[in-house]
Structures are given as C-alpha cells and as structure tokens.
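Report on the structure given below.
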Amino acid sequence: MVERQESLLTAPDAVFRVWRHRLKIEFDAAAAFRALARDLQSLYGENDPVAQLSLEAAADEIRHADLCRRILSHDPDHEFQGDALAELRLGPERKLLVRQALYNAVAMGCVTESLSTALLIEMKKRAARGVIHDTVHEIAVDEVNHSRIGWAQLARAAGEDDIQWLAPHVTKMIQVALNEEIDPLVVDRGYTPDLSEWGILPRTEALGIMREVVEEVVRPGLRHFGLKFASA
C-alpha cells in the first residue's frame with residue numbers, strides 16, 4: 001500500500017474528468033446487469049441463480065456510483081448526474097432472448113469486467129491512502145465477482161445449444177470495452193504528469209495491461225468453449 005495520502009484539494013482537472021467518466025460507466029453497468037437479470041429470469045425463472053447474481057451486480061454498480069460521487073464532491077465544477085437507465089442491452093438487437101442474454105453476459109462479465117478488474121488491481125497498488133484507494137479497492141473486489149457472471153452463463157449456454165454464432169462478435173465486444181468503457185479512464189495522449197496517486201494509470205501501460213488480460217484470460221477462457229476470435 002502506498003503510504004502517502006492523496007489530496008483531492010490539489011488534484012488537476014484531468015483527475016475529475018476521469019472519475020466523472022467512471023461515474024457514467026457505473027450507471028451504465030448497473031443498467032446492463034439489470035437488463036441481463038430480467039432476461040435470465042424470463043428464460044430460467046425468477047429464482048435463477050445467475051439472474052440473482054446479476055441483480056446483486058446491478059446494486060453493486062449503483063454503490064460504486066455513490067463512491068465516485070464521494071470523490072467528485074471535491075470537484076467544484078461537477079454537477080451530480082441522475083440515476084442509471086432502467087435497463088441497457090448491449091450489441092445488435094436480437095430476436096432470440098437466449099442469444100441476447102448470452103451476448104450481454106459475455107460482453108459485460110467475460111470481457112468488460114475482466115479488463116476492468118485488471119486495471120483496478122494495478123490502480124490500487126499505486127493509489128495513495130485515502131478515499132481513492134478505498135474506492136478502487138471496493139470496486140475491484142466486486143468486479144471479480146461480476147466477471148464470473150459472464151463465465152457462468154457462457155458455460156450454461158454452451159451446454160444447452162450451439163454458441164458458435166457468438167464468435168464473430170467477440171472482437172467487437174473487446175473493441176467497445178477498450179474504446180468506450182475503459183480507454184477514457186486513462187490519461188490522454190501527451191499528458192505526462194503522474195496521476196497514479198488519484199487512481200489513474202498512464203495510457204500506454206493501461207492498454208498493455210488490457211491486452212495481456214485479453215490474451216491470458218479472455219481468449220483462453222472463450223477458446224475453452226470453442227469460441228475463437230481475431231485480435232482487437
């Protein structure tokens with residue numbers, strides 16, 4: 001653990017910009033997990049265990065948003081946003097509910113939450129003691145559990161039907177996770193100050209971490225179910 005204390009009173013605007021985006025991500029994730037839970041309940045019943053885990057994940061994401069708001073309370077220019085969308089379904093529209101549920105589960109759990117977990121673990125190592133370190137730690141613990149939702153639904157779906165239709169979509173899932181979900185959380189190109197004490201990694205290092213997770217976690221995991229995909 002880093003022993004110094006972070007000071008949000010002296011944090012540059014780039015720090016708050018990143019955490020404002022993190023707030024939006026947490027709200028969107030809550031809506032996505034809520035939609036996944038509803039779809040799984042429609043397919044497998046109200047008490048389906050994976051659906052229940054998705055509902056818990058949605059509640060976790062709202063709690064994460066509150067943690068982000070605590071950080072942003074130190075930003076005089078921040079106007080607090082409202083609550084999450086009711087539901088958010090990822091990817092192209094699908095007529096088959098079972099395919100929509102699997103797409104959402106893999107995109108959120110196997111891909112996005114797996115990448116996010118790796119970044120948060122590294123962020124935690126560098127964040128100075130205080131509200132940001134505590135926030136990163138709490139979010140990271142939950143993201144590990146959220147990633148398991150995707151793998152659980154993937155295993156179930158693979159045992160029920162042919163899932164090869166999903167393979168052509170995986171590269172796009174990864175690109176979306178990099179470009180829309182995680183990429184904005186790292187420092188912009190050309191911005192050199194070290195912001196790690198505020199939970200922000202250098203862009204090139206963050207991208208390296210994510211690529212490593214894709215190759216060492218996501219790709220082997222999906223290959224286990226016969227899903228092969230091109231590099232993002």
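Laboratory data are not the source of any read-out in this text; all were calculated from the coordinates shown. Quick caveat: nothing in here was measured; it's all calculated off a predicted structure. Virtual Cβ from ideal backbone geometry, glycine too; neighbours counted across all protein chains shown.
Some observations on this one:
- Among Ala58, Ala37, Ala128, the largest mean-square fluctuation in a Gaussian network model of the chain, built with springs joining Cα atoms closer than 10 Å, belongs to Ala128.
- Rel. contact order, % - alpha carbon contacts under 8 angstrom, at least six apart, the chain: 26
- For the stretch 103-159, dividing the convex hull volume of the Cα atoms by the residue count gives 54 Å³ per residue.
- Counting neighbouring beta carbons within 10 Å and listing from fewest to most, the residues Val131, Val111 come out as Val131, Val111.
- Share of pairwise Cα separations in the chain, more than 21 Å, in percent: 55
- Chain lengthening between Asp162 and Glu56 when straightened (0.36 nm per residue, less Cα-Cα): 35.3 nm
- Length added when fully stretched, Thr171-Glu87, from 0.36 nm per residue minus Cα-Cα: 27.9 nm
- In plain terms, the chain from Asn179 to Ser231 could stretch by 17.3 nm, reckoned as 0.36 nm per residue minus the Cα-Cα distance.
- Efficiency of FRET between Tyr44 and Asp75 - r from beta-carbon atoms, R0 45 angstrom, step 0.05: 0.60
- Helix 131-160 vs. the chain, principal-axis angle (Cα, 0 to 90°, nearest 10): 10
- Against the main long axis of the alpha-carbon atoms of the chain, helix 167-176 sits at an angle near 20°.
- In plain terms, the residue of Leu195, Leu40 with the fewest other Cβ atoms within 10 Å comes first and the most crowded comes last, giving Leu195, Leu40.
- Residues whose amide H comes within less than 5 Å of that of Leu201, counting only those at least five positions distant or on another chain, are Val187 (H built at 1.01 Å from N in the peptide plane).
- Each residue in Ser196, Ser54 was given a count of other beta-carbon atoms within 10 angstrom of its own, and listing them fewest first yields Ser196, Ser54.
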